[in-house]
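Have a look at the structure below, then the notes.
Rule-based calculations on the coordinates, nothing more; no lab input. As the structure is a computational prediction, the values presented were derived from the model and not from experiment. For neighbour counting, all protein chains shown are included, and Cβ atoms are generated from backbone atoms with ideal geometry for every residue, glycine included.
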Amino acid sequence: MFIIPPYIRFALIAAGVVGGVALWIAFGFWYGFPFLLAGIILLIGYIFLGTVGPAAKAVQAQDFDRGEKLLNLTLKPEWLYSANRAFYYMMRGTIALSRKDLNAAEGWLKQADSIDVPTANEKAMLKLQLAQIEANRRNFGAAKKYLKAAKETNVKLPQITEQIDMLDTALKQSGQVKAAQRMGKEGHQMMARGGKRRRPKGR
């Protein structure tokens with residue numbers, strides 16, 4: 001898919017609109033119309049698509065600072081059409097996760113979760129990221145719910161299924177640890193109660 005870099009798009013928009021108006025004034029409407037139309041189409045594309053495409057390339061390359069700068073060039077995230085708006089919020093969440101800012105990441109990812117993410121891969125990754133956040137907070141019940149939702153997307157991409165399996169194993173182990181700790185605690189309580197009993201007096 002061909003993606004126009006944001007600053008080149010801005011230059012083309014300016015050239016199309018300004019050049020089209022100048023030709024219109026100098027030679028008549030039909031001379032300037034093609035340039036003006038091209039500028040308007042590029043402007044509409046920028047408004048409804050934002051800079052999600054170029055930012056996605058940067059985030060995939062782990063260049064999170066560049067990805068953030070490109071996302072900042074989006075005029076109004078709420079004006080993006082639904083799929084791009086979901087991807088915008090997901091990338092914001094991914095960038096926040098890379099910086100260990102769980103609260104910000106959760107906020108962005110939940111905004112993405114409120115939109116119908118169009119592909120199974122992206123939907124599974126979104127649920128998986130939310131599950132990882134809850135697991136890091138040791139909120140294992142919520143983590144398991146998000147992980148279950150990730151599994152229900154029936155994603156087939158190996159990179160995602162491997163992460164799902166790894167988190168699933170980790171959550172099962174955490175459940176076993178908690179159960180062992182609970183049993184140990186109950187055992188200590190029983191020992192303590194038993195220790196308080198008085199010994200029978202010798203005859």
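Determine the alpha carbon to alpha carbon distance for each of LYS100/LYS127; LYS110/LYS172; LYS57/LYS156; LYS100/LYS151; LYS76/LYS144; LYS69/LYS156 and list only those over 27 Å.
LYS76/LYS144; LYS69/LYS156
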Notebook entry, point to check: Given labels modelled 7 Å from the Cα in the Cβ direction, how far is it in nm from ALA170 to TYR81?
Noted result: 3.7
Next item on the list: Quick one: order ILE164, ILE25 by neighbouring beta-carbon count within 10 Å, fewest to most.
Entry: ILE25, ILE164
Next item on the list: For segment 7-24 and segment 131-169, compute the distance between their C-alpha centroids and round to whole Å.
Entry: 48
Check: With θ set to phi - 60° and the Karplus curve 6.51 cos²θ - 1.76 cosθ + 1.60, what are the ³J(HN,Hα) couplings of segment 152-163 in order, to the nearest whole Hz, using x for Gly and Pro?
Finding: 5, 6, 6, 5, 10, 5, x, 4, 7, 4, 5, 5
Margin query: Need one number: nm distance between label points at ILE41 and LEU73, each 7 Å from Cα along Cα→Cβ, rounded to one decimal.
Written below: 2.1
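Assuming R0 = 30 Å, can you tell me the calculated FRET efficiency for the pair GLU152 and LEU102, based on Cβ-Cβ distance, to the nearest 0.05?
Working: r = 24 Å, r/R0 = 0.80.
Between GLU152 and LEU102 the formula returns 0.80.
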Item checked: Karplus-derived HN-Hα couplings along segment 82-88 (A = 6.51, B = -1.76, C = 1.60, θ = phi - 60°), whole Hz, x at Gly and Pro -> 3, 4, 5, 5, 4, 5, 4
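Order these by the 10 Å Cβ neighbour count, fewest first: PHE27, PHE35.
Details: PHE27 10, PHE35 19.
Fewest-to-most Cβ neighbours within 10 Å comes out as PHE27, PHE35.
Sort TYR31, TYR7 by Cβ crowding within 10 Å, fewest neighbours at the top. Provide the component values of the computation, followed by the final result.
Values: TYR31 15, TYR7 10.
With the sparsest Cβ surroundings first, the list reads TYR7, TYR31.
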Next item on the list: With r as the distance between the Cβ atoms of LYS110 and ALA61 and R0 = 35 Å, compute the FRET efficiency 1/(1 + (r/R0)^6) and round to 0.05.
Entry: 0.85
Check: Karplus couplings for segment 106-121 from phi (6.51 cos²θ - 1.76 cosθ + 1.60, θ = phi - 60°), rounded to Hz, Gly and Pro as x?
Finding: 4, x, 5, 5, 5, 5, 5, 5, 6, 10, 6, 5, x, 10, 5, 4
